[in-house]
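Taking it in order: structure first as structure tokens, then the write-up.
The values are calculated or read from the model by the stated rules, or taken from the named source; none is laboratory data. Keep in mind that what you see is a predicted model, and the values were worked out from it rather than measured. Virtual Cβ from ideal backbone geometry, glycine too; neighbours counted across all protein chains shown. Surface areas here come from the heavy atoms of the whole protein model, side chains and all, with no ligands, DNA or RNA. Shrake-Rupley method; radii C 1.70, N 1.55, O 1.52, S 1.80 Å.
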Amino acid sequence: MKVTFPHLGTMHIFCKAIAETAGIDYIVPPKTSKRTLTLGVKHSNECICLPFKIILGNFIEALELGADTIVMVGSGPPCRLGLYDLVQKVILEDLGLHYRWLTIPPRLDWPALLKNRDETRELKKELSLKNITTFPYALWIGWKKMMACERLEKLALRVRAREVITGRTEKMLQKALAGLDKAKTGRAIERAIIEGEKILGSVDQDRGRQPLRVAIVGELYTVMDPQINRGVERKLGEMGVEVTRTSWFSSHILRSLGVGRENRRERLRYYRASLQYLGYDVGAECNVSIGETILRAKDGYDGVVHLMPFACMPETTASGILDRVSRDLGFPVLTLILDEQENEGRITTLLEAFVDMLMWRRQRFH
Amino acid sequence: MRRIGIPKALMYYRFFPLWSAFFRELGCEVVISDPVGKGFLGRQSVAYFEDSCLPMKLMVAHCLDLVEKVDTLFVPRLISIHRKYIMCPKFRGVPDIIKLATGGQAEVMDEPFDFRLGNDPWGAFSRAIGQRLGWRSREILAASRGALRVQAKFEKDLVRRVNGLAIRDIFNLERPTPEATSPAGNLDVALIGHPYNLYDVDVGKDVIGMARELGCRIAIADSLDGYEIDKKVSTLSKEIYWSSGREIIGAALIFLARDDINGVVFLSSFKCGIDALLQEYLKRVFKGQRESIIPFLTLSLDEHTTVQGMATRLEAFVDICRDGKRKDAR
């Protein structure tokens, strides 16, 4: 049995850790590339959202490499993510690829378990007792690694905006993450974090600089994966902008588990702020995108970048309303709609123009 | 008398009899928007839904058309119209977009309609609206019950209306339903899709009329048993949670397995999230079943769709269906 999973930001680091610790064979799909996207686009409808295409491409490439069990997160209504597996299974079958599919249900309830029954029964035969008993420990290691990744990434966001040599932080971040990737035990992870922070701290910084502050909001997949958003976060950082985002693995996992008071309170705050423009919970990140924009404007941020895949159902509503929010509050919002036609040059140009505009605004008002 | 405007878009094409009967019984004047025609994209406020599907954009255009003629716009927030399943998430934001687009020129009635809640969701919804208009509970109850009867009768007649009336008259309640004469034509074609794709002339370009002129008898999903659809869809590996999506998938699966149907046409809007996903699913599933030889046509609709383009495709499709039928008969 060889397990595989889709790419999403630094997800491969901790998914790998879980599989490794539990002693399960795994295959990390090749890094999302032009070929991945081409494969995904070729075998799907043009109006399906970009995450669907990329995940499909990841799976096809992983299955070509010899993986045979796909692990995929499920989600509930109203977003399309919840039905990805239904359609992707049919597509993979049609392509003549063989696989077993395991959906992690968003909520553990009877219907979800029943629908997953056949797959889990098969799986049980192949897992040894050791795999099952070490699994909770593996999950703990995975969680720790995920938090460590997030900590390093958050630090990098601050450092990048002040770096003296452009591109240095990114290199150091990759080095730190590679070190973390090698860590096997809980203690080793702690050491890797300290080491990583030291590496990031060694980047030459211009401490006097007062970078612009920009928040990235929008659909979580496009916000979190640098391959999909063509490195918006990094590009902004290297233009001297301090980037903030609220979409992290931990925040989404905690939310779906219903724990984490701080996290929930923050989300509720955004939701309440959005109510003056949007009278109901639309679902997914739509309300949070709007609410966060309003609150960031009040917090004195310089601007917001709103990311969404083409034809994303909830964010379409958000983009229409954000247009109005931006006009009402006099607050710059840049909406980037991403699809396979997107090229990096366009995004760079748009972001450069956006940052220039923010600079002028700052000089005029302050 | 209070004038209530019902935009002729989206779920108008399912619930118009219910809504109009309710308001009429409460003594309101119901104003319906005119067909928008071609020029609507020139209007600026359509930009509020620029990234959305055509029916959503038309909704904004219809509301702008109504806003000067009425006191109140009736744009309910449709969250769910089924006991268990929900609507497309875009419907949840529609009243807010309309409020922004009309700029507060008319009052927008945006009561949420969630069929999953409570024992009597329609009763609760009608009470909320009636009270907002200043009526007493007893009058509201009578009106809402009367409206339900009108809707039930309309739904029963819908298949006959589709086959017997011109598309503009299907939702014109003053036109009586024609008698159940066997409609002219020798080919049975099933049309599936969201109701606003099928019946809206601005979206679907009168596919129903075109198909009838080509000698087809029309079958629609409403003629099927809801229980049967549910049973069919429940066999899939994952629960489809959009009620319209379930209807489309279930109807397609049933129609394509039936012998008395010669062809199935699926009308989908460009950029419709539900259609994009389900279309791919249907395509792959039927590709896998080699024995299914019923022709299946997907028509993608957007603001650039022309009547001529649709007619060409439909003619070719009907020819293929005829061919298939002849082979079967031999």
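Structure data summary
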| read-out | value |
| --- | --- |
| Residue in the range B:90-109 that is outside any strand (DSSP E or B), open to solvent by less than 70 Å² (accessible area, probe 1.4 Å) and over 23 Å from A:VAL325 (Cα atoms) present | no |
| Meets criteria (closer than 23 Å to A:ILE253 by Cα, open to solvent by less than 40 Å² (accessible area, probe 1.4 Å), within 14 Å of another protein chain (Cβ to nearest Cβ) and in a helix (DSSP H, G or I)) for A:ILE55 | yes |
| Any hit, the range A:101-114, residues being modelled with pLDDT of 90 or more, over 22 Å from A:HIS252 (Cα atoms) and more than 9 Å from chain B (Cβ to nearest Cβ) | no |
| Subset of the range A:312-329 that is free of Cβ contacts under 8 Å to residues at least 12 places away in the same chain and facing chain B (nearest Cβ under 8 Å) - its residue that is surrounded by the fewest Cβ atoms within 10 Å (Cβ to Cβ) | A:GLY320 |
| Subset tally (residues that are hydroxyl-bearing (Ser, Thr, Tyr) and in contact (Cβ under 8 Å) with a residue 12 or more places away in the chain) for the range A:131-149 | 2 |
| Test: residue in the range B:56-78 that is modelled with pLDDT of 90 or more and among the aromatic types (Phe, Trp, Tyr) | yes |
| Tally, over the range A:22-52, of residues that are within 14 Å of chain B (Cβ to nearest Cβ) and in contact with a strand residue (DSSP E or B) (Cβ under 8 Å, 6 or more places away or on another chain) | 3 |
| Some residue of the range A:280-288 being surrounded by 15 or more Cβ atoms within 10 Å (Cβ to Cβ), without any contact (Cβ under 8 Å) to a residue 60 or more places away in the chain, among the β-branched types (Val, Ile, Thr) and not in a loop (DSSP other than H, G, I, E, B) | no |
| Residues located in the range B:75-115, provided they are more than 10 Å from every other protein chain (Cβ to nearest Cβ), touching a Phe, Trp or Tyr at 6+ places or on another chain (Cβ under 8 Å) and of a type in the set (Asp, Glu) | B:GLU111 |
| The lone exception for A:GLU352 - which of (1) part of a strand (DSSP E or B); (2) open to solvent by 60 Å² or more (accessible area, probe 1.4 Å) it fails | (1) |
| Qualifying residue in the range B:184-194 (condition: surrounded by fewer than 20 Cβ atoms within 10 Å (Cβ to Cβ) and closer than 27 Å to B:LEU78 by Cα) | no |
| Which listed residue is among the charged types (D, E, K, R) and open to solvent by less than 60 Å² (accessible area, probe 1.4 Å), from A:ARG160, A:ARG151 | A:ARG160 |
| Some residue of the range A:94-102 being surrounded by 20 or more Cβ atoms within 10 Å (Cβ to Cβ), hydroxyl-bearing (Ser, Thr, Tyr), in the same structural domain as A:TYR26 (by TED's automatic domain parsing) and on the phi < 0 side of the Ramachandran plot | no |
| Test: residue in the range A:202-217 that is on the phi > 0 side of the Ramachandran plot, surrounded by 20 or more Cβ atoms within 10 Å (Cβ to Cβ) and in the same structural domain as A:LEU334 (by TED's automatic domain parsing) | no |
| So A:LEU275, is it open to solvent by 60 Å² or more (accessible area, probe 1.4 Å), over 29 Å from A:MET172 (Cα atoms) and either touching a helix residue (DSSP H, G or I) at 6+ places or on another chain (Cβ under 7 Å) or within 14 Å of chain B (Cβ to nearest Cβ) (or both) | yes |
| Every residue from the range A:256-271 that is surrounded by 13 or more Cβ atoms within 10 Å (Cβ to Cβ) and among the basic types (Lys, Arg) | A:ARG264, A:ARG267, A:ARG269 |
| Test: B:GLY118 is away from chain A (no Cβ under 12 Å), assigned to a loop (DSSP other than H, G, I, E, B) and open to solvent by 60 Å² or more (accessible area, probe 1.4 Å) | no |
| Filter result (in contact (Cβ under 8 Å) with a residue 12 or more places away in the chain and closer than 15 Å to B:LEU236 by Cβ) within the range B:286-315 | B:PHE286 |
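Okay, residues lined up against (1) open to solvent by less than 30 Å² (accessible area, probe 1.4 Å); (2) modelled with pLDDT under 90; (3) away from chain A (no Cβ under 14 Å):
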position: B:LYS153; (1), (2), (3): no, no, yes
position: B:ARG175; (1), (2), (3): no, yes, yes
position: B:VAL201; (1), (2), (3): no, yes, yes
position: B:CYS216; (1), (2), (3): yes, yes, yes
position: B:ILE240; (1), (2), (3): yes, yes, no
position: B:ILE248; (1), (2), (3): yes, no, no
position: B:PHE255; (1), (2), (3): yes, yes, yes
position: B:ASP259; (1), (2), (3): no, yes, yes
